[in-house]
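Below: the structure, in structure tokens.
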Amino acid sequence: MTRMTHASEGRASVRTALFALLFPALCLAAVLSGAQEAQAQEFKLGGFIKASYYYDTQQLVAAREGDFLLYPAFATSADDEPNDTDNLLFFPFFSRLSLGISDLPETLGAKTTGYLETDFFGPGNDTQNTLRIRRATVKLDWATHEVLAGMEWSPLFLSSWARTVATEAGAPFNPFAREMMIKLVLKPGNFRVTGLISQQRDAFQEIPFTPPGGATVPGVKQQQQAGLPGVMMGVEYVAEGGSTVGVNSYYKWIRPTLTSDRFSAGTVQAYANLLTPGLEARGNITFGGDLSDHLMTGGYAVIGPLADNNFEPLNTVAGWLDLQTTGAVSLGIFGGYLQNLGTAEDGIDPTTVQFVARGYGGTPIENVWRVSPRLTYTSGKVRIGAEVQATGANYVTGATVADVYDDSLTPSGTTEGVINIRGDLSVFLFF
């Protein structure tokens, strides 16, 4: 039996050795056989390493252990005073890898490119430090028009995002999400006319809904089971030098549970990016319903029993302005403001409502504001950024639901403000 075992092991060792010799040869043969086609492709690896160090004066409403800050929390202690416990937070997981694929053979006469991007943010709050798909696209460009398929920035994000040191890039004042989509862009002269269909994808943007006696239904599932995609139309003007101005409209449908009716919510947006050799100015105004999937406040209200299918989107209006100088040493400042507006309907009894939203329910938010100056220094591939974020949230307080909501479910009444000061030191290595 021992001799048979040794013989078997000997044959296995021979096979392993042969495989070790043949595998590189097979790979080389495959490379040589496809060399002509491979020469027509270019792969560009990029990304950055980011090390972030934060100090916060308050407890937060945030994602990823506090890296993605939305606003200070209204957590109360036994004496009913705002909880001002501070935080010290160190993070590496926003570091990113990307792969660009170009110089491919034409497809239907179009220039063909691909892009794949990942980071270590993870798909959820309990899975940070793990890889996730961040963006993954295939683009066909015919010069006068282009088609993009895959996962890309939300149609409400586009080119109008703040260049903050902070990870959130202007959220919750700026819509922040990535979605699966098919996008068509027409390019007549300096104009860009965009139309697309899309579906929510980013898992960490889900707002769970638990109907009476039911299981949690995440935000992604609510849009999937609606059976209809989101749709967007937008027009942008691109001037010489890269300055842009544009408007967007976005419309989506969701179905809260498999047995409920679907309902819709819309968003409109205007934005501008003004770029000069010494100063860059960017701004955005957004008004829409059920924007919680874009890491803003809002969502929807279930009015009365779930079986009544009476759902109303909760509206949000937000705007921001970001200014920065150009050069190796850059000064910048971001300012943002957000207001919760309730529903478009009035005459609602707030005691009959269940909120499926961020910034509603419990102690609701009337408004959120932020001012954050910054200083960055870039030398070669290294950038050092220092930023101070002052973020305030005004919560509406009262003894009963009727004390904190009017008949359109707008948070209104006596407010109590909570302010968080974040000190942010971040070091980037780009490659």
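If I ask for residues that are assigned to a strand (DSSP E or B), open to solvent by less than 50 Å² (accessible area, probe 1.4 Å) and farther than 19 Å from PHE173 by Cβ, which ones from the range 382-431 would you list?
GLY385, ALA386, VAL396, THR397, TYR405, GLY423, SER426, PHE428 - these are the residues of the range 382-431 that are assigned to a strand (DSSP E or B), open to solvent by less than 50 Å² (accessible area, probe 1.4 Å) and farther than 19 Å from PHE173 by Cβ.
Would you please list the contacts, defined by Cβ atoms under 8 Å and residues six or more apart or on different chains, that run from a residue in the range 172-198 that is over 20 Å from ASP293 (Cβ atoms) to a residue that is among the aromatic types (Phe, Trp, Tyr) and in a strand (DSSP E or B)?
ASN190/TYR237; PHE191/TYR237; ARG192/TYR237
PRO72 fails exactly one of the following numbered conditions: (1) touching a Leu at 6+ places or on another chain (Cβ under 8 Å); (2) modelled with pLDDT of 90 or more; (3) open to solvent by 40 Å² or more (accessible area, probe 1.4 Å). What is the number of that condition?
Exception for PRO72: condition (3).
From the list GLY283, GLY266, GLY288, which residue is in contact with an Asp or Glu (Cβ under 8 Å, 6 or more places away or on another chain) and either buried (at least 22 other Cβ atoms within 10 Å of the Cβ) or over 24 Å from ALA62 (Cβ atoms) (or both)? I'd like the intermediate steps shown before the answer.
Numbers: GLY266 fails: in contact with an Asp or Glu (Cβ under 8 Å, 6 or more places away or on another chain); GLY288 fails: in contact with an Asp or Glu (Cβ under 8 Å, 6 or more places away or on another chain).
None of the other options fit; the residue is GLY283.
Identify the residue in the range 342-370 that is open to solvent by 70 Å² or more (accessible area, probe 1.4 Å) and not in a loop (DSSP other than H, G, I, E, B) and, among all such residues, is farthest from ASN174 (Cα to Cα).
Among residues in the range 342-370 that are open to solvent by 70 Å² or more (accessible area, probe 1.4 Å) and not in a loop (DSSP other than H, G, I, E, B), the one farthest from ASN174 (Cα to Cα) is THR351.
Here are some residues: GLY213, GLY189, GLY195. Which one is over 25 Å from THR391 (Cβ atoms), modelled with pLDDT of 95 or more and outside any strand (DSSP E or B)?
Answer to the selection: GLY189.
Quick check, is ASP67 modelled with pLDDT of 70 or more, of a type outside the set (A, V, I, L, M, F, W, C), under 30 Å from GLU366 (Cβ atoms) and open to solvent by less than 50 Å² (accessible area, probe 1.4 Å)?
Yes: the conditions hold for ASP67.
Just a yes or no: is a residue in the range 273-280 at pLDDT below 95 and either in a strand (DSSP E or B) or open to solvent by less than 20 Å² (accessible area, probe 1.4 Å) (or both)?
No - not one qualifying residue is present in the range 273-280.
When you go through (1) part of a helix (DSSP H, G or I); (2) open to solvent by less than 30 Å² (accessible area, probe 1.4 Å) one by one for ALA307, which number turns out not to apply?
With (1) part of a helix (DSSP H, G or I); (2) open to solvent by less than 30 Å² (accessible area, probe 1.4 Å) applied to ALA307, the lone miss is (2).
Please state which of the following conditions ASP293 fails to meet, knowing it meets all the rest: (1) in contact with a strand residue (DSSP E or B) (Cβ under 7 Å, 6 or more places away or on another chain); (2) assigned to a strand (DSSP E or B).
Single failed check for ASP293: (2).
The values are calculated or read from the model by the stated rules, or taken from the named source; none is laboratory data. Note that the structure is predicted; figures quoted are calculated from it, not measured. Reconstructed Cβ throughout: ideal geometry from the backbone, glycine too, with neighbour counts over all protein chains shown. Side chains are part of the model used for accessible areas, which takes the heavy atoms of the whole protein and leaves out ligands, DNA and RNA. Shrake-Rupley method; radii C 1.70, N 1.55, O 1.52, S 1.80 Å.
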